[in-house]
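Asks: Following this message is one structure expressed as structure tokens.
The values are calculated or read from the model by the stated rules, or taken from the named source; none is laboratory data. Bear in mind that the values here come from a model prediction, so they are computed numbers and not experimental data. Cβ placement follows ideal geometry from the backbone for every residue including glycine, while neighbour counts extend to all protein chains displayed. Quick note on the areas: whole protein, heavy atoms, side chains included, nothing else; ligands and nucleic acids left out. Shrake-Rupley method; radii C 1.70, N 1.55, O 1.52, S 1.80 Å.
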Amino acid sequence: VQLQASGGGLVQAGGSLRLSCAASGSIFSIYAMGWYRQVPGKQRELVAAITKFGATAYADSVKGRFTISRDNANRRVYLQMNTLKPEDTAVYYCTYGSTLSSPRDYWGQGTLVTVSS
């Protein structure tokens, strides 16, 4: 299953964006799907993840601001990002894997999110 992320762009601090990840095949049986982000010169960090049962996990830095959701029927995963901060600026990647804490067996293309102050 291949993944294609979209929805990135330029937004002012305090604004919102919704990232979308489209899968080329069924995601029904994939245990966990996630969103990672990377800033140049830094390691990729897990932002949010969701299991096929609906359990979620978030990085402390985004709790209360970001929401991950999963639409198995339409083969999509979303990341709703509210109250964006300049430090959220990064390339965001859609991923999937076998654990909620580290769903990184497969990576899709990234989408750039830039938050201006």
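Asks: Restricting to DSSP loop positions (anything but H, G, I, E, B) with no more than 10 other Cβ atoms inside 10 Å of their own Cβ, which chymotrypsin sites (Phe, Trp or Tyr not before Pro) remain in segment 44-91?
Replies: PHE53
Asks: What residue among VAL113, SER102, THR56 has its Cα farthest toward the positive end of the dipole of the chain, where the charges are +1 on Lys, Arg and -1 on Asp, Glu, each on the Cβ?
Replies: Going by the Cα projections, it comes out as THR56.
Asks: In what sequence, largest accessible area first, do SER61, SER29 appear using a 1.4 Å probe?
Replies: SER29, SER61
Asks: Under 8 Å for C-alpha pairs, at least 6 residues apart: give me the relative contact order for the chain, rounded to a whole percent.
Replies: 36 percent
Asks: When only DSSP loop residues count, what chymotrypsin sites (Phe, Trp or Tyr not before Pro) in segment 1-41 have their Cβ near at most 11 other Cβ atoms within 10 Å?
Replies: Counting only loop positions with at most 11 other Cβ atoms within 10 Å, the chymotrypsin sites (Phe, Trp or Tyr not before Pro) in segment 1-41 are PHE28.
Asks: With a Förster radius of 25 Å, plug the Cβ-Cβ distance of SER6 and GLU87 into 1/(1 + (r/R0)^6) and report the FRET value to the nearest 0.05.
Replies: Efficiency for this residue pair is about 0.65.
Asks: Solvent-accessible area of VAL91, probe 1.4 Å, all protein chains present, reported in Å² to the nearest ten, please.
Replies: The value for VAL91 is about 40 Å².
Asks: Could you give the length gained on full extension between VAL39 and ASN72, defined as 0.36 nm per residue of separation minus the Cα-Cα distance, in nm?
Replies: Result for the pair: 8.9 nm of gain on full extension.
Asks: Hey, another quick one. List the lysines whose Cα lies under 21 Å from the Cα of LYS85, skipping any in the same chain that are fewer than 8 positions away.
Replies: Leaving aside lysines fewer than 8 places away in the same chain, those within reach of LYS85 are LYS42, LYS63.
Asks: Solvent-accessible area per residue for the chain at a 1.4 Å probe radius, Å²?
Replies: Roughly 51 Å² per residue, with all protein chains present.
Asks: Here's something else I'd like to know. Using the Cα centre as the reference, give the magnitude of the dipole from point charges on the C-beta atoms of the chain (Lys, Arg: +1; Asp, Glu: -1; all else neutral), rounded to the nearest 20 debye.
Replies: The calculated dipole for the chain is roughly 100 debye.
Asks: Report the accessible area of LEU100, computed with a 1.4 Å probe over the heavy atoms of all protein chains in place, in Å² rounded to the nearest 10.
Replies: 40 Å²
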